[in-house]
Amino acid sequence: MLTTGSSELASAEESERLYLDAQRLPAALFEKRYPFRFLVPAFAEEAPASEPDVARWGDAPTGIVECGDGATLGHRIFALRKTQPLYESMITVGRTHNHDVVLRDPSVSKFHAYFKLFGSRVYLIDAGSTYGTTVSEKRLLGREPLLVPDGAIVGFGHVRLRLVPASLVFSALPAAHLAARGA
């Protein structure tokens, strides 16, 4: 059984490994190996126009919207799949280690939102978060499911991610990484 620290580390390592695989593998092989939808960082040109508020306990949100050095959100992509035993029918998103998608930003609630998959359709539901959940800058209303189309930018607090199928993960990464892949 994983401890809190090792579970969090495993989640971070997996998202960074997926990011590296998206850069180095041919798109067809990546899609075959990872037949999921993904959440990839929404980069600077896609960021919301307004400046985010500071989280209520005084920590400034990361506001990560571009690739950076080290273990930032910009070097991670998140597979939209069930990884934790909590809430079997949901793919949960939150700030704590016991969620399927862990976003370590103070504007993300401990249990922020969850996805439900119905065939090829993806729905997103806010779980009563403090800073809200958005799809294409439209705020979700309390516990009302909203269909999320591929390519939409979803927001969890001040974190912005784009939902893409495996076949489009690489094209959703910033152009600077094209050279790294040799494309």
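The values are calculated or read from the model by the stated rules, or taken from the named source; none is laboratory data. Treat the numbers as computed from the prediction; the structure is a model and nothing was measured. All Cβ positions, even for glycine, are placed from backbone atoms using ideal geometry, and neighbour counts span all protein chains on display. Just so you know, the surface numbers come from the protein's heavy atoms only, side chains and all, with ligands and any DNA or RNA stripped out. Shrake-Rupley method; radii C 1.70, N 1.55, O 1.52, S 1.80 Å.
Quick notes on this structure:
- Accessible area in square angstrom per residue, segment 102-163, 1.4 angstrom probe: 44
- Carbon and sulfur %, accessible surface of segment 118-162 computed with the full protein complex present, 1.4 Å: 54
- Approximating the spin labels as points 7 Å out from Cα along Cα→Cβ, the Ser136-to-Lys110 distance works out to 3.5 nm.
- Residue-count net charge about Phe111 - beta-carbon cut-off 13 Å; Lys, Arg +1, Asp, Glu -1: +1
- Using a Förster distance of 25 Å, the FRET efficiency for Ser167-Glu13 (Cβ separation, nearest 0.05): 0.55
- Full extension of the chain segment joining Leu29 with Arg143 gains 37.4 nm, where the gain is 0.36 nm per residue of separation less the Cα-Cα distance.
- FRET efficiency, Arg121 to Asp21 (Cβ-Cβ, R0 30 Å, nearest 0.05): 0.70
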